[in-house]
1. Among the residues in the range A:268-278, are any polar (S, T, N, Q), crowded, with 17+ Cβ neighbours inside 10 Å, over 34 Å from the mean Cα position of the chain (by Cα) and in the same structural domain as A:His389 (by TED's automatic domain parsing)?
2. Name every residue in the range A:101-115 that is more than 7 Å from chain B (Cβ to nearest Cβ) and either of a type in the set (Ser, Thr, Tyr) or buried (at least 24 other Cβ atoms within 10 Å of the Cβ) (or both), in order of residue number.
3. How many residues are of a type in the set (Val, Ile, Thr), closer than 20 Å to A:Asn565 by Cβ and touching a Phe, Trp or Tyr at 6+ places or on another chain (Cβ under 6 Å) if we restrict to the range B:12-44?
4. Restricting to the range A:501-517, name every residue that is touching a helix residue (DSSP H, G or I) at 6+ places or on another chain (Cβ under 8 Å) and either among the charged types (D, E, K, R) or not in a helix (DSSP H, G or I) (or both).
5. Which of the residues belonging to the range A:430-484 are small (Gly, Ala, Ser) and either on the phi > 0 side of the Ramachandran plot or within 14 Å of chain B (Cβ to nearest Cβ) (or both)?
6. One residue is enough: does the range A:513-531 have a residue meeting the conditions closer than 28 Å to A:Pro134 by Cα, in contact (Cβ under 8 Å) with a residue 40 or more places away in the chain and within 14 Å of chain B (Cβ to nearest Cβ)?
7. Across the range B:82-136, which residue is nearest to the other protein chains (Cβ to nearest Cβ) among those that are basic (Lys, Arg) and in a helix (DSSP H, G or I)?
Amino acid sequence: MTDRRIGAFICGCGGNISDYVDIEKVRDEVEKEPGVVVARTAMFTCSDATQREIIDIIREQELDGIVVASCSPKLHLNTFRAMARRAGLNQYVYNQVNIREQCSWTHTHDMEHATDKAIRLIRAGIARTLMGHPLEMIRVKTIPRVLIIGAGISGLQAARLLSTMGIEVHLVESAPEVGGQVASWGPLFPSGRSGKELVQTLTSMIEKDDRIHIHTSSQVVEKTGNVGEFDISIQSSDGKRTSIKAGAIIVATGFQRYKPPQGEFGYGLPGVLTLDEFRDVLDNSDSGSIRYNGRDIKNISYIYCVGSRQGSNDEGSHSYCSRYCCTAAVHTALLAGEKQNPLHQYHLFRDMRTYGKQELLYEEALQKGSLFLKFPDEEPPSVKASNGHLEVALKDQLTGGEEINIGSDLVVLVTGMEARPNRELIDVLKLPVGKDGFFNEIHCKLRPVETVMDGILIAGSAQGPKNVHESTISSMAAVAKSAGLLMKGYVDLEPFVAVVDPDLCEWCDDCSNACPYDAIGKIEKGGKAIAQVTTAICKGCGTCVPACEKLAINVEGYTHKQITNMIDALAKEVV
Amino acid sequence: MTDMVESDKNTRPSILVFATNNISDPGIDLAGSSHMAYPTSVKVIAVPCSSGIDPRWVLHALTAGFDGVFIAADGTDCAYLPNCTERTGQLVKQAQQLLEKNGHDPRRLKMAAICSVCAESFVAHIESFQKALSNM
C-alpha cells in the first residue's frame, strides 16, 4: 500500500471528451486506485474557476501528487504545472494524461471501449505519479543574442525591435541583399508607400545599428545546443564558415510565389501573366497608359485562387487560402485604373476575401467600375488565344450560371503563396512542417509563434501565407517571446536527466560509451568507482538507460519502475 | 452483431506504442485531432527519445499481456541524436533477441519512424501491424 495522497481530475472538455468517454464511470474507477484520495470530473478543467477549485482541494486534502486527464500535454502541461505551483506543490508531482487526442477524438464510435481505455491511461498516469518525486529545474544562463534566419520584412522588423531592447542580433540571409520579396514591391495598402521604400527605411536603420550583424549570401548549416545557448554554424557562398552563439533563433524564411505550370489557365500564352508579373508591367508603365508587348491595354481579366485552395489535402497540394491575393488583386486593379482610363477590369473569383480594413479597397474597386464574376469551384474559367487577343469563358454564378465570354488584352492569374523549399534548414533545425510545407507552430491560438523546439520561434510567411501587416505582427510576437526568454538571463530546463543509482552501479563504462553528449564520467564514491552524470550537459535522451545491464541508470520521470508500472497499469483489465 | 465485431476489433490485438515527446507523440496526437480512427486496444507511452527505449520494457509489455509493441521512432527528425534511426534499430534487434529467448515471436515488436505530422502513416502502420499480429 501507499501513503501517497493523489488527486485525479478528469476533464470533459466541453463534450470533446465527455461525448465519447463516460467520464463519471472513469471517475468511479479511478477513485478506487491505491493512493488516490480524491477524483473529480469537470466540464473544463483548464478554466480559471476549476483550477481554483482544484487548488482548494489540493490544500484541503493535502495532496502530494496530481493527475489531470484532459487534452494533449502539448497544450496544457504548463497550465497545470503552474496550477500545481500556485497550490504550493512541486510542479513535477503533476502528470498529464492525454484522453482527448489519444482517446476520445480517435475512438468516437465506441464509448464502452473508449471509456475502458481512458481508465487504463489514467491508471498509468497515477502509476507514474506514485513513483515520481519532486524535481528541481536545471537553470542555464542564456546568451542575450538572437539569430534571425531570413532578412525579409519579418526578419528586418524582428532585428530592429530586438536591438531596441538591447539584444544583439545576427541576421542571416541566403540572398546577396536584405529585403526579401517586399523590396521589389510597388505601392502597398493602406499607406501607398512602396515595398521598396519600406524596406529601405528598415535597412538604413539596421545598417547603422552596432548591435545588428548582417550575413548575406549565407546559410545556416549546423545547430547544436539548447534554448539559451545554441551553437550555430553559418556558411557563406564562398565557403567561409562562421560560428555564432545565440540564446534563441527566429525563423523568418518567408514564402515563394506560386508559379503556374504551362497551360494552367492559359499560362504561357502571350498576355497571360501572374499577378507579380503584371505588377512589374504596371510599375514600368508611364502614367496615362498601360502597355504590354507594344500594345495599349484596355481589357483585363483577373482569375483568382490560382495555386490556392486547389487539390486535395495531400502533401504538396495547395488546399489552403493564401489570404493576401484577393486584396492584392483588388489593390492592383485600383492602381491600374489610375494609370489607364477607361480600363475594363473583370474579376473572376471563387470567394472574395478582402477581410478587415481591406474591405474598403473592394468597395472602391466596385465603385470605380471593376466587375466581379463568381465562377463555380468545380467549373473554373478557361482561357484561349483567338485572333491576337485572349478569350476568357466562365459560368457566372451571380447571374444564375450564364455563360460569359470576355475578350481580354491581358489575363492576370492571381497566384498564391507556397512554402519555400527549405529541406536543408528543416534538417538542421529539426523543425516540424505541416502538409502544406510551412513551419508549424505549437498551437495557433495559445502558442502561435513557438515551435516544439524550445527557443526556436517562427515569424512571417514562413509559417503560412500572411500579408505584410500580419507578418509584422507575428514577427513582433516572436521578438516578445525571444526577448522574454533572454532578458531574464536564464532558462529553466526540464530536470528529466539521467541519474545513477550508486548502490547498483559497478562502473563498466557502457552508459558513458552510449552517451552522445559525453555527459557521463567516472567518480569514486563509497569506496568504489561509479558513473556520474553532469546534469548541465545531459539532455535526457535516455540512450544510457538500455546500455546498463544492472538497471543502475534512469532518466527522471521515465524510470524503469515508472515505465514498467505504467505498462502494468495499461495492461490490467478494467473490471 | 456489428457491435460485437466492432468491439472485438477494438480489444484485440492489443498494442503498446512507445512514442517520443517531441516527434511521434505529436504525430499520434494529430491522428486524433484529425479524427482518424484506430482501435482502443492501442495505448501510448511517450518517452524523450526512441533510442532510450529499453528492450526489457518491450519484454515486460508482452509478459504483462500486450500482443505487440510498436516503436514510433524519431527517425531523422530526432533532436537528440543524428544517428537515432541506427540506434533505435539496434535496440529493436536486441529486443527481438530478448523476446525470442523468452519464447515470444520477435515479430511482435515493430518499429517505424513516425514524424510529427505522420498521422496517416501511424494509422496505416497500426492497421497492418494488427493484421500481422492476428495471424501469429
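1. Let us first name the residues in the range A:268-278 that are polar (S, T, N, Q), namely A:274.
Pick out the ones that are also crowded, with 17+ Cβ neighbours inside 10 Å and you get A:274.
Still in the running and over 34 Å from the mean Cα position of the chain (by Cα): none.
No, because not a single residue in the range A:268-278 is polar (S, T, N, Q), crowded, with 17+ Cβ neighbours inside 10 Å, over 34 Å from the mean Cα position of the chain (by Cα) and in the same structural domain as A:His389 (by TED's automatic domain parsing).
2. Passing the criteria: A:Cys103, A:Ser104, A:Thr115.
3. Residues meeting the conditions: 2.
4. Matches in the range A:501-517: A:Asp510, A:Cys515.
5. Within the range A:430-484, the first condition is being small (Gly, Ala, Ser), and the residues that meet it are A:434, A:437, A:455, A:459-462, A:464, A:471, A:474-475, A:477-478, A:480, A:482-484.
Within the range A:430-484, A:Gly434, A:Gly437, A:Gly455, A:Gly460, A:Gly464 qualify.
6. The first filter runs over the range A:513-531 and keeps only residues closer than 28 Å to A:Pro134 by Cα, leaving A:514-526, A:529-531.
Imposing the further condition that a residue be in contact (Cβ under 8 Å) with a residue 40 or more places away in the chain reduces the set to none.
No; the residues of the range A:513-531 include none that is closer than 28 Å to A:Pro134 by Cα, in contact (Cβ under 8 Å) with a residue 40 or more places away in the chain and within 14 Å of chain B (Cβ to nearest Cβ).
7. Just the residues of the range B:82-136 that are basic (Lys, Arg), to begin with: B:87, B:93, B:101, B:107-108, B:110, B:131.
Those left that are additionally in a helix (DSSP H, G or I): B:87, B:93, B:101, B:107-108, B:131.
Details: B:Arg87: 6, B:Lys93: 12, B:Lys101: 15, B:Arg107: 20, B:Arg108: 14, B:Lys131: 19 Å.
Per the stated criteria, the residue is B:Arg87.
Matching residues to (1) touching a Gly at 6+ places or on another chain (Cβ under 6 Å); (2) of a type in the set (S, T, N, Q); (3) farther than 20 Å from A:Pro516 by Cβ:
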site: B:Ala19; (1), (2), (3): no, no, yes
site: B:Ser34; (1), (2), (3): no, yes, yes
site: B:Pro55; (1), (2), (3): no, no, no
site: B:Val58; (1), (2), (3): no, no, yes
site: B:Leu62; (1), (2), (3): no, no, yes
site: B:Leu81; (1), (2), (3): no, no, no
site: B:Cys84; (1), (2), (3): no, no, no
site: B:Arg87; (1), (2), (3): no, no, no
site: B:Gln90; (1), (2), (3): no, yes, no
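The values are calculated or read from the model by the stated rules, or taken from the named source; none is laboratory data. This one's a predicted model, so the numbers in the text were calculated from it and none came from an experiment. Cβ: placed from backbone, ideal geometry, glycine included. Neighbour counts: every protein chain shown.
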